[in-house]
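Engineer: Sharing a structure, written as structure tokens. Questions coming.
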Amino acid sequence: MPSIRRHRAISGGHLVVCGDTVLAFRLAIELSAQYDQDVNVIFSPKVPGRVPKVPPSSRVRVLEATALNEEVLQVARAGSARAVAFVGADENDNIDAALRVQELNPGARLVIRMSDMTLGPWIVSLFDNCAALSDAAMAAPFLVAAALGHEQPRRIVVAGRALHVVERKDRPEQVLCGLADTSDPDGGPRLLPADQERADLLLATAPAIAGRTFRHRLHRLWNRTVTHRDALALVFRGPLPKVLSVLMVAVAVGSIALGVAAGYRFPQAVYLVLLDIAGAATPDLTLNSAAKVAQTAVTLASLGLVPAVTAAFVDARFRARVDPVRRLTYPISGHVVVVGLGELGLRVASQLADLGVLVVGVDTGEGAASRDLARRARIPIVFGDGTRRETLKDAWVQTSRAVIAATGHDISNVKVGVQARAIRADVRVVLRLTDDDFASRVYRRLDADRVVGTMSSITVSAFARAMLDRQVLATIPVGRKVMLIADVPIEPGSALDGRPVSEAGEPERYRVLAVRPRGRMDHEWNPEDGYVLTPGDSLVVVATRDGLRRLLARSGAPTSPDGRDRAVSSGKPGRLGAILRRGLPRRRGR
């Protein structure tokens, strides 16, 4: 029987947050302070009694429990909650708890924290109204941007596809749409211009050619060179080099002996020995005994030389396949060092490699994930303690362009930053820290170039929007304006029901990027203009704030004369009518 401890009275809150991490409390406070919501938190601390404090003025109620079962969920009133978030560290526990809540409250909005987002679409399909989010996936682009010296991420992932914000002068490939015309600095950027040719800021599905032609191709050439170098290095490891050395010495000595005994000049002796090695030796009975012995010895030694060389290369090839992890045994410069190849570090390293940036990983052990990364992205890895100066020197931090500390421990990341600055004072340092107060102090004391937390306001805001069923998938800052990438469902009887997708877009307000047909989990990017929208379809659009409100009005179910959604009167949840009446909720300024 799990123990339950109420820290404040549970009084029928609208939202429920479940978790064993600080993210649960930050999410609850965000929902209470910024969105005026009543929140009940079910917290399972690793150490009983250690529960973070919440502001007395907040509308957050805390329930401490050792297990998340039906009794605890009922005490927290999850059965009557509008939305429930599961943000624990163990995604298996999150999914199990979500299934329990689905049985108690089929109409609730469910938000699940996951680390393996490859299963995200499948998990979402198990529930009626669910969203799966990864805090590491949201934080990785900011770490990458900070390491490359960018203010905002230029790569975002939407519906499983990587999108890039690029400039037209970079000649990007596979352009989805023009985002803004920034040619008028006084008037500000003009978002989603009707004349797409005037847009100089674009959204594309592939990086800019200017960023790929030289850096990316050089990176691939470097990888090929390094791959051959690694293969040659493997050849000269193990016992085979000793065998080759003995055979080579035997051939060399035999060549000298043949030349001396038969009276040949050195070039002639080498010529005859090479023919003997190739199996083309011709007996010569006129030679003296010493010459015959020398030729016989060379021929017998050559019989073992060719198989030994073949075995050396075959062994190197086999070991390269069995152990794909590349060790950095040579100087390198202009790269980014990623310390900690966990959930976040792997994402950061992979995204940097995709952008054509040279990457060196540092990890404490040869785990399956790091081996898979080395196999896919051909990233060299230095195994060792990243907080030690010797390990960072082995990764050539002294010639790197940036160091990213992405381990799961704040103190370890700070140590990495201190050691990196001790090796080279001007190296760019990017730290992943989870405690905001601690991060601000470290930022001032260490003078780090950027401190990014996976549980920062970025992640918390995304979870909060998902709980409130906001359709926003990503934001793109353009100057002082913000553009939104949103997922908008087509509801029965809406203005877009039965209309072609070409009529869904509206210049200077929103543009359709992709369509997810009803009953499918994959998206059709750049859909044909003649595609007819039906209820259950979903649009991925890029829009201004006003444009998103207009699109929601066109895609939502019509309202009845009494002001209620018709979906409500039919027993279905009708969230859209409330959104249309109130407008999209605006967050209060911090």
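Engineer: Do we have any residue at all in the range 83-91 that's within 18 Å of residue 27 (Cα to Cα), part of a loop (DSSP other than H, G, I, E, B) and modelled with pLDDT of 90 or more?
Structural biologist: Yes: one or more hits.
Engineer: Among the residues of the range 100-116, are any of a type in the set (Val, Ile, Thr), open to solvent by 10 Å² or more (accessible area, probe 1.4 Å) and within 25 Å of the chain's Cα centre (by Cα)?
Structural biologist: No - not one qualifying residue is present in the range 100-116.
Engineer: Further question on the same structure: Hey, does the range 193-216 have a residue that's among the β-branched types (Val, Ile, Thr), under 30 Å from residue 402 (Cβ atoms) and at pLDDT 85 or above?
Structural biologist: no
Engineer: Quick one: in the range 135-191, of everything that is part of a helix (DSSP H, G or I) and among the acidic types (Asp, Glu), which residue is farthest from residue 19 (Cα to Cα)?
Structural biologist: Result: 170.
Engineer: Out of all the residues in the range 120-134, is one or more modelled with pLDDT under 85, surrounded by 22 or more Cβ atoms within 10 Å (Cβ to Cβ), not aliphatic (A, V, I, L, M) and not in a strand (DSSP E or B)?
Structural biologist: yes
Engineer: Given the criteria at pLDDT 90 or above, buried (at least 20 other Cβ atoms within 10 Å of the Cβ), of a type outside the set (Ser, Thr, Tyr) and out of contact with any Phe, Trp or Tyr (no Cβ under 7 Å at 6 or more places or on another chain), does residue 382 qualify?
Structural biologist: Criteria not met by residue 382.
Engineer: Is it the case, given these coordinates, that residue 58 is at pLDDT below 90, within 18 Å of residue 461 (Cα to Cα) and surrounded by fewer than 19 Cβ atoms within 10 Å (Cβ to Cβ)?
Structural biologist: When the stated conditions are applied, residue 58 passes them.
Engineer: If you don't mind, there's one more thing I want to ask. Which numbered condition in (1) in a loop (DSSP other than H, G, I, E, B); (2) modelled with pLDDT of 70 or more; (3) open to solvent by 80 Å² or more (accessible area, probe 1.4 Å); (4) not small (Gly, Ala, Ser) is the only one that residue 253 fails?
Structural biologist: Residue 253 satisfies all of (1) in a loop (DSSP other than H, G, I, E, B); (2) modelled with pLDDT of 70 or more; (3) open to solvent by 80 Å² or more (accessible area, probe 1.4 Å); (4) not small (Gly, Ala, Ser) except (1).
Engineer: Now, a different point. In the range 475-516, what count of residues is obtained for those that are among the charged types (D, E, K, R) and modelled with pLDDT under 85?
Structural biologist: Within the range 475-516, residues that are among the charged types (D, E, K, R) and modelled with pLDDT under 85 number 2.
Engineer: Continuing with the same structure: Among what's in the range 176-187 and is within 16 Å of residue 476 (Cα to Cα) and out of contact with any Lys or Arg (no Cβ under 7 Å at 6 or more places or on another chain), pick the residue that is surrounded by the fewest Cβ atoms within 10 Å (Cβ to Cβ).
Structural biologist: 182
Engineer: Next up: Has the range 391-413 got at least one residue that is out of contact with any strand residue (DSSP E or B) (no Cβ under 8 Å at 6 or more places or on another chain), over 26 Å from residue 137 (Cβ atoms) and free of Cβ contacts under 8 Å to residues at least 24 places away in the same chain?
Structural biologist: no
Engineer: Sticking with this one: Can you spot a residue in the range 553-570 that is charged (D, E, K, R), at pLDDT 90 or above and under 33 Å from the mean Cα position of the chain (by Cα)?
Structural biologist: Looking for residues that are charged (D, E, K, R), at pLDDT 90 or above and under 33 Å from the mean Cα position of the chain (by Cα), one finds none in the range 553-570, hence no.
The values are calculated or read from the model by the stated rules, or taken from the named source; none is laboratory data. Quantities reported herein were computed from a predicted structural model and do not represent experimental measurements. Positions of Cβ are generated from backbone atoms using ideal geometry, with glycine treated the same way; all protein chains shown enter the neighbour counts. Surface areas here come from the heavy atoms of the whole protein model, side chains and all, with no ligands, DNA or RNA. Shrake-Rupley method; radii C 1.70, N 1.55, O 1.52, S 1.80 Å.
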